[in-house]
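Okay, so here's the structure we're looking at.
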Amino acid sequence: MTAPDLGGAPTAISVDSALSCVDIHKSFGGAKAVNGATFSVPKGSITALIGPNGAGKTTVVNILSGSLSSDSGRVMMGDTDITALPSYQRARLGLIRTFQLSRELGGLTVFENLMVAAKVQPGESLMNVYLRPGLVRQAEKESRERAASILEQYGLYDLRDNWARELSGGQKRLLEISRAVMAEPSLLLLDEPMAGVNPALIDRIGGHIHELKAAGVTVLMVEHNLGVVEKICDHVIVLAEGRTLATGLMSELRENTDVVRAYLGGVLDGRVDR
Amino acid sequence: MSPLVYYLFTLAFFVFAYCILGWGLNLQFGHGGILNFAYIGFVAIGAYVTGALSLGKPSGGQSYIFGFSLPFPVGLILGGLAACVFALLVSVLTFRRLRTDYLAMVLISLSLVLYDFINNFVPLFGGADGLTNVPEPFADALGLDTNTFVPFFAGVSLLVALLMWWVMSRITNSPFGRTLRASRDDDEATAALGKNVFKFRLISMLIGSFYAGVGGGLIVEFAGAFNTSAWLPGETFLIFAAVIVGGVGNNKGMILGALIVPVLFTQLPKFIPDIPGHPGLILNIAAMAIGVLLMLVLWFRPQGVIPEKKRLSKLPPLSERHRSTGAISAQLTTEETL
Ligand SMILES: Nc1ncnc2c1ncn2[C@@H]1O[C@H](COP(=O)(O)OP(=O)(O)OP(=O)(O)O)[C@@H](O)[C@H]1O
Ligand SMILES: [Mg+2]
């Protein structure tokens, strides 16, 4: 299949983008998972990354976060080229991601899951542990307070001392998002944050994503539920067969419905028009 | 001294030594998730280096390197550091490239290679004969004889063990330990939070190997001799069994593991007289019993006899939390009025 030029398909990176990628390719064995994806995520936006199953969304997220290296192409954060950086260094720059299948740190408590994510941790250096215990204690105290209020905000406070592995699926989702928030992201990649979550919780997570935007965080989220996308996202990137099919404002995409539907079939069918 | 008391002090020594070995492996495996199947190799390096540094110049057909007659704590510390250096080489070569399961295979082969090398390369540590007549620390200075040295050195080992317990508990209770356990549970997710997982694993490998080396050093100074029959690569599983029985990631449980597994199953049987006509049968039965015990624990209590303890947040209940922070309670009342 060759993707048509929808007019909106980007070739250049806009200046006020928080994150962008250019001509990303990735194959697994012979199969091309990503085949020239190019897009940018506007600063301060909530951008949706949509497309059919197997379109390469998760692979793109993995490449953006550095969990996976691409075969070719570049990843930029603002105007910094981060293509060569390992994932932990990208995270330190403020690029934090969640996973499609929750990746709770099961042998830690819920509270510890958040504490691990704290950005400033002098106690991770053993030198400080032995020689500057006061400094370590002070930083821990500040992180505890932050973790406590995030847990409260996400309704996990009462579960703080449970093993993370013992949480329900929905609770694990909330834990994963709150842990990402604890890491003080400037840019948040969410891979299907609402998958397998009940409708009430979907609204709640949507609310949290809005709060993050209000706090200045740029969000890129993979989402299949177009109702949710319409409600909370302002920008959309459509990925199909590893290629960027269209990008733009949600309203622009709606005008392109016919074309998009033709290429995405069942995924968008009957939902965009709602 | 009665043989029984002598024997109890000997057992006590081995409990302390195995605690140290167990804490080291627990840091690597229990907290760090590194399946170090070459652990006994690091113990051996510590033992050989400590022994060869404490011995004088080789004489009477013996051959080994060093021979510096170093006094007690110095040889021991250098033995620990030697194990560290070896760990650094191994980690730098393997950690970045290998997943933990492949790493385990590489390490197990490495311990076999190391074993054959030391066994056959006589100039290094005396080959199969190993080191003998390693001086007993302080024995000359304090005028200790065979009877008094054993309780004395058991006491010394207790002090060393207490010190190493303190050092280890600081590590495992620190944010360093927490991040290390996070990387054990999910290295990719931990890296995605900005943690250099390689660094945490490397440090846990180095410190754990130091413990292995010091444990080995204590054993050679206690026994006065060390050779390849003392560290068959299978012994690694003995220490693993002790960690798993005592509880993964649990330093206190380790004491129980050190008591039950190595002492009960390998040291104790050495003192039981052989069954006439079946030399070595008792030891083989003990080895089988360890295997059975390991399987039973994995089956019935996979978290170990004393499971990893939950590190509680010690945060107040939600209601109290609100009472203490005025701003939030004010916000709550406005919400209630709405
Ligand atoms: N590790 C891997 N090894 C081999 N193939 C892979 C791997 N990861 C992804 N793929 C393949 O790459 C393609 C894209 O997968 P990806 O997970 O990125 O899709 P997706 O858009 O996230 O799909 P979904 O909506 O179902 O989550 C699929 O065909 C998949 O089979
Ligand atoms: Mg996916």
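The values are calculated or read from the model by the stated rules, or taken from the named source; none is laboratory data. Because the structure is a prediction, the values reported are computed rather than measured. Please note: Cβ atoms are built from the backbone with ideal geometry, for glycine as well, and neighbour counts cover all protein chains shown. Side chains included, ligands, DNA and RNA excluded: accessible areas come from the protein's heavy atoms. Shrake-Rupley method; radii C 1.70, N 1.55, O 1.52, S 1.80 Å.
Laid out as a table, the results:
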{"item": "All positions within region A:134-148 that are within 10 Å of another protein chain (Cβ to nearest Cβ) and open to solvent by less than 50 Å² (accessible area, probe 1.4 Å)", "result": "A:136, A:139, A:140, A:143, A:147, A:148"}
{"item": "Answer from A:48, A:55 - the residue that is under 14 Å from the mean Cα position of the chain (by Cα), within 16 Å of ligand 2 (Cβ to nearest atom), open to solvent by less than 30 Å² (accessible area, probe 1.4 Å) and in the same structural domain as residue A:242 (by TED's automatic domain parsing)", "result": "A:48"}
{"item": "Matching entry among B:122, B:134 (being surrounded by fewer than 21 Cβ atoms within 10 Å (Cβ to Cβ) and closer than 19 Å to residue B:46 by Cα)", "result": "B:122"}
{"item": "Selected residue (criterion: modelled with the lowest pLDDT) from residues of region B:36-61 that are closer than 15 Å to residue B:127 by Cα and not small (Gly, Ala, Ser)", "result": "B:58"}
{"item": "Residue that is surrounded by the most Cβ atoms within 10 Å (Cβ to Cβ) [pool: residues in region B:288-321 that are farther than 27 Å from residue B:172 by Cα and facing chain A (nearest Cβ under 9 Å)]", "result": "B:321"}
{"item": "Tabulated pairs, region B:98-110, first touching a residue at least 24 places away in the same chain (Cβ under 8 Å), second assigned to a helix (DSSP H, G or I), C-beta under 7 angstrom, 6+ apart or interchain", "result": "B:103/B:94; B:110/B:41; B:110/B:90"}
{"item": "Helices (runs of 4 or more DSSP H) (entirely within region B:206-281) containing at least 3 residues that are within 12 Å of the chain's Cα centre (by Cα) and under 25 Å from residue B:165 (Cα atoms)", "result": "B:235-246, B:251-258"}
{"item": "Any hit, region B:196-209, residues being away from chain A (no Cβ under 14 Å) and closer than 30 Å to residue B:295 by Cα", "result": "yes"}
{"item": "Unique residue being open to solvent by 20 Å² or more (accessible area, probe 1.4 Å) and assigned to a loop (DSSP other than H, G, I, E, B) when the list is A:196, A:207", "result": "A:196"}
{"item": "Unmet requirement for residue A:103, which otherwise passes all of (1) surrounded by fewer than 21 Cβ atoms within 10 Å (Cβ to Cβ); (2) at the interface with chain B (Cβ under 8 Å from one of its Cβ atoms); (3) under 26 Å from residue A:59 (Cα atoms); (4) in contact with a Leu (Cβ under 9 Å, 6 or more places away or on another chain)", "result": "(4)"}
{"item": "Positions within region A:196-212 being within 13 Å of the chain's Cα centre (by Cα) and touching a residue at least 40 places away in the same chain (Cβ under 8 Å), in sequence order", "result": "A:209"}
{"item": "Residue satisfying all of: in region A:60-74; open to solvent by 10 Å² or more (accessible area, probe 1.4 Å) and within 14 Å of chain B (Cβ to nearest Cβ); nearest to ligand 2 (Cβ to nearest atom) among these", "result": "A:62"}
{"item": "Residue within region B:240-255 that is open to solvent by 10 Å² or more (accessible area, probe 1.4 Å), under 24 Å from residue B:6 (Cβ atoms), among the aliphatic types (A, V, I, L, M) and away from chain A (no Cβ under 14 Å) present", "result": "yes"}
{"item": "Filter pass, residue A:121 being within 12 Å of chain B (Cβ to nearest Cβ), away from ligand 1 (no atom under 16 Å from the Cβ) and open to solvent by less than 50 Å² (accessible area, probe 1.4 Å)", "result": "yes"}
{"item": "Top-ranked residue in region A:174-193 [being within 16 Å of ligand 2 (Cβ to nearest atom) and assigned to a loop (DSSP other than H, G, I, E, B); ranked as least open to solvent (accessible area, probe 1.4 Å)]", "result": "A:193"}
